[in-house]
Amino acid sequence: MSRQIHAVQNISYGDHVAHIFLWLKALLLVPLWAIVLIPIVGFISRSLGHVAMDVAYGLTLFSCVIYFLVDVLKRRIRLDDEYMYFGFRAIPIKSIQSVDVIYKKGTFLPTDLAITCASADRLKLKLQGLSERSVGVLLKHLEVRNSNLQTAAVLNTLIKCRQVKPKLAVETADRVELPYHSRQLIDESIGVFKSTASRWARLGPVVALLLLGPVWIPFYSVLFFCLQPNSLSQVQYLDIPSFLFKFMDGLQHQAINSSQSASTSIQHLAGNNVVTALTCGFILALVLYIQKLLLRPNVLVADAKGVKLNLKCGQISVPLKRVAWSNIVRAGLHKPTQKAGLRSWKIRLTTRQAKNFDIDLSALAVDDRTLLLRRMEKLIPDCQIDYELSQSMVAKADHSYTELWLQSLTQAPERKTLEPLQPGQTVGENRFEVLKSIGVGGQGTAYLCRTIDDASQTIVLKETIIPVFGENALRRRALEKFEHESKMLKSLDCDGIVKLLDYFIEDHRAYLVLEHIDGGSLRDLVQREGALTHEQARDIALQMCDILKELHSKEIIHRDFTPDNLILNSKGKLKLIDFNVAQQVQSGTTGTIVGKHAYLPPEQFRGKATKQSDLYAFGATLFFLLTGQDPEPISQSSPQAANAAIDAGFDEIVKHATTLQASARYESADQIAADLLSMDDHRLSTVVLSTVVQRKVEAQVLEHG
């Protein structure tokens with residue numbers, strides 16, 4: 001039995017004002033308004049006797065400490081698979097009914113987050129004390145583990161509005177300016193400082209409370225007894241105050257003695273000339289090193305003349321290093337050692353004088369590397385760019401199968417929702433917003449989405465449902481199938497094949513992020529406009545040949561090459577989609593029967609698809625384009641038999657491609673392309689004209705009965 005993996009989230013809570021008040025409570029132990037109550041409690045307990053005063057004084061101090069500790073614990077929200085912890089409260093996640101927002105009177109934006117439980121218990125959190133990332137993490141954690149949870153729709157909009165956009169590259173036709181993060185040590189140091197400071201914001205007040213105990217213990221003693229005559233003289237007769245006085249005085253004396261001892265030791269060391277010289281040398285080296293870090297470039301500029309590394313401060317930009325495009329003879333990836341990490345890799349541009357111009361690869365964002373590579377390929381086409389460098393500069397969906405598998409296992413064992421995604425819903429950690437559903441299949445749905453960072457960019461999310469229940473082997477097979485399609489798409493780089501942009505898993509659904517093709521399928525085209533003209537059919541057929549050449553050169557068989565999976569964009573360019581059933585060519589492999597029957601050759605029905613199987617599907621698709629109807633399954637197709645006006649050259653190509661014996665078909669898409677190009681253009685134009693005339697005559701006959 002596999003061990004269940006629990007996801008634990010820790011979320012910081014509280015803004016700067018809340019932390020300031022926490023420090024105030026560390027100094028005074030109670031809020032300002034509570035100081036008025038302490039002498040009143042002392043006055044009331046006085047009438048009950050000395051024992052009551054003893055007890056009341058102890059309870060007052062105990063209540064103050066508990067109040068302070070609760071406030072410390074409320075600086076963090078802790079989440080696991082079953083509970084949400086806040087202060088001393090442990091709220092079962094299953095009992096949470098809704099997450100809503102609260103508006104204060106006269107405010108336009110919500111001020112609080114209200115978490116309501118089945119017991120009508122309500123937890124209010126200040127939105128000011130939560131970052132947009134924290135709100136997103138909190139909602140996602142609760143929604144995944146509570147399928148009945150209702151969340152306010154305005155929260156997603158609020159998260160988007162509060163997100164800080166990253167600094168983007170500035171690109172024009174002649175110039176591109178990229179952020180160059182060469183000061184990573186400074187950035188990491190600042191990040192470590194912020195992380196340490198956030199912990200100290202909770203731990204610091206606790207330390208301050210203990211150190212300042214000798215101050216606030218006498219202060220509260222005076223307040224507690226101030227309404228009683230001769231109160232100061234009676235303090236010494238109370239056991240609890242005297243004990244606390246002695247205890248806190250002991251701590252204070254110990255702290256003073258320790259600090260004096262440390263101060264004396266430092267003075268002795270400072271008087272040593274060797275120590276002084278070493279300290280001065282260290283400080284000087286540190287100052288020079290920091291100066292060197294601060295003077296590193298922070299912007300990379302690639303214009304028509306060359307590449308420059310600039311130090312930019314406001315509107316002032318100072319070039320520190322530069323190299324002209326005309327002086328570059330080679331571009332490669334430099335690794336100091338074989339085991340060197342990505343941080344030490346460099347883009348090395350070698351000049352004609354055999355000098356090196358290095359650019360830190362890790363200083364460029366992944367997307368910015370692609371911009372630089374594209375600029376290099378355009379401005380120095382004759383330069384030798386190493387294959388390893390070009391691969392390291394291209395943005396890829398670099399998730400591994402192991403990552404996907406672990407991500408799937410660590411998700412909650414219950415699906416957040418069984419319904420398809422709805423318009424307006426966000427996925428991919430709020431990176432994509434669903435616009436509409438554009439296709440439904442047996443394993444999932446395809447959605448048209450827009451990216452949150454760039455509302456003008458649309459993408460297609462192809463969804464695959466991952467089984468929730470059953471053995472792990474079933475889920476593993478679904479993930480392997482998903483990874484198979486994603487890897488295959490990653491390996492293809494062709495204008496005629498849909499591009500894979502990314503992929504991820506969320507709510508037990510695997511998503512491929514694909515480029516959006518502005519157009520419709522060939523089936524839609526034929527159903528809308530009828531059979532294509534010979535010129536249109538030949539143009540599309542040649543594009544289909546180019547696509548099959550690319551696939552077969554990578555030893556890939558599509559196995560579903562049909563009019564439904566061929567999309568014609570608004571510029572007349574053809575794109576092949578849906579690689580769900582594609583497979584690598586392997587000798588002796590028997591696969592499953594997939595695809596649409598009218599486009600399957602006999603060997604594919606036997607589960608033994610080959611490259612010639614795609615060529616058969618090509619011939620069947622060409623038959624559909626010429627005739628407007630699906631071919632007869634498992635047969636040699638002849639478009640001329642369906643319409644005598646179709647050119648004999650097309651008829652021969654379709655018949656040759658759809659021969660039932662695979663060995664008698666075309667051997668490659670190159671052969672089909674050669675036959676298409678050899679067809680007489682003049683004869684095709686004549687046939688097209690006669691076809692148009694024939695259609696007009698048929699239309700007139702139908703019109704006049």
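The values are calculated or read from the model by the stated rules, or taken from the named source; none is laboratory data. Treat the numbers as computed from the prediction; the structure is a model and nothing was measured. Here the Cβ is made from the backbone with ideal geometry for all residues, glycine too, and neighbour counts use every protein chain on show.
Side notes on the structure shown:
- Residue list for the range 290-311, restricted to those being without any contact (Cβ under 8 Å) to a residue 40 or more places away in the chain and either out of contact with any strand residue (DSSP E or B) (no Cβ under 8 Å at 6 or more places or on another chain) or among the hydroxyl-bearing types (Ser, Thr, Tyr) (or both): Ile290, Gln291, Lys292
- Top-ranked residue of the range 358-382 - restricted to ones that are β-branched (Val, Ile, Thr) and modelled with pLDDT of 80 or more, ranked as nearest to Lys321 (Cα to Cα): Ile359
- Residue selected from the range 456-467 under the condition buried (at least 18 other Cβ atoms within 10 Å of the Cβ), modelled with pLDDT of 80 or more and in contact with a Lys or Arg (Cβ under 9 Å, 6 or more places away or on another chain), by the criterion nearest to Val498 (Cα to Cα): Ile459
- Residue within the range 528-539 that is outside the structural domain of Gln604 (by TED's automatic domain parsing) and within 30 Å of Leu625 (Cβ to Cβ) present: no
Condition check ((1) modelled with pLDDT of 90 or more; (2) closer than 22 Å to Arg523 by Cβ; (3) surrounded by 17 or more Cβ atoms within 10 Å (Cβ to Cβ)) across all residues:
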{"residue": "Asp614", "(1), (2), (3)": "yes, yes, yes"}
{"residue": "Ala662", "(1), (2), (3)": "yes, no, yes"}
{"residue": "Ile672", "(1), (2), (3)": "yes, yes, yes"}
{"residue": "Asp675", "(1), (2), (3)": "yes, no, yes"}
{"residue": "Arg695", "(1), (2), (3)": "no, yes, no"}
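- Hits in the range 619-652 (condition: more than 19 Å from Leu600 (Cβ to Cβ), under 49 Å from the mean Cα position of the chain (by Cα) and not in a loop (DSSP other than H, G, I, E, B)): Leu626, Phe650
Per-residue answers, yes or no, for (1) within 27 Å of Lys608 (Cα to Cα); (2) surrounded by 22 or more Cβ atoms within 10 Å (Cβ to Cβ); (3) at pLDDT 85 or above; (4) among the aliphatic types (A, V, I, L, M):
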position: His484; (1), (2), (3), (4): yes, no, no, no
position: Cys494; (1), (2), (3), (4): yes, no, no, no
position: His516; (1), (2), (3), (4): no, no, yes, no
position: Ile547; (1), (2), (3), (4): yes, yes, yes, yes
position: Phe579; (1), (2), (3), (4): yes, yes, no, no
position: Ala582; (1), (2), (3), (4): yes, yes, no, yes
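- For the range 42-56, taking the residues that are at pLDDT 80 or above and touching a helix residue (DSSP H, G or I) at 6+ places or on another chain (Cβ under 6 Å), the one that is farthest from Lys126 (Cα to Cα) is identified as Ala52.
- The residues of the range 549-562 that are surrounded by fewer than 22 Cβ atoms within 10 Å (Cβ to Cβ) and in contact (Cβ under 8 Å) with a residue 60 or more places away in the chain, listed by number, are Lys549, His552, Lys554, Ile556.
- When residues in the range 273-304 are screened for being assigned to a loop (DSSP other than H, G, I, E, B), within 31 Å of the chain's Cα centre (by Cα) and not basic (Lys, Arg), 2 of them pass.
- Tabulated pairs, the range 57-70, first surrounded by 14 or more Cβ atoms within 10 Å (Cβ to Cβ), second of a type in the set (Val, Ile, Thr) and outside any helix (DSSP H, G or I), C-beta under 7 angstrom, 6+ apart or interchain: Cys64/Val30; Tyr67/Val30
- If you check Leu532, Leu500, Leu448 for being hydrophobic (A, V, I, L, M, F, W, C) and over 25 Å from the mean Cα position of the chain (by Cα), only one passes: Leu532.
- Taken over the range 72-117, residues that are at positive phi and either exposed (fewer than 15 other Cβ atoms within 10 Å of the Cβ) or within 28 Å of the chain's Cα centre (by Cα) (or both) amount to 1.
- Considered as a group, the residues in the range 118-130 that are touching a residue at least 60 places away in the same chain (Cβ under 8 Å) and outside any helix (DSSP H, G or I) include one that is surrounded by the fewest Cβ atoms within 10 Å (Cβ to Cβ), and that residue is Lys126.
- Within the option set Val287, Val301, being of a type outside the set (Ser, Thr, Tyr), modelled with pLDDT of 80 or more and assigned by TED's automatic domain parsing to the domain that holds Asp358 holds for one residue only, Val301.
- Contacts under 9 angstrom Cβ, first residue in the range 516-532 being over 23 Å from Gln640 (Cα atoms), partner of a type in the set (Lys, Arg) and in a helix (DSSP H, G or I), 6 or more apart: Gly520/Arg528
- Candidate set: the range 440-455, residues that are closer than 17 Å to His508 by Cα and modelled with pLDDT of 85 or more; chosen: the one surrounded by the fewest Cβ atoms within 10 Å (Cβ to Cβ): Ala446
- Any hit, the range 484-493, residues being of a type in the set (Gly, Ala, Ser) and within 26 Å of Ala620 (Cα to Cα): no
- Restricting the range 271-284 to residues that are within 30 Å of Arg183 (Cβ to Cβ) and β-branched (Val, Ile, Thr) leaves a set whose member that is modelled with the lowest pLDDT is Thr279.
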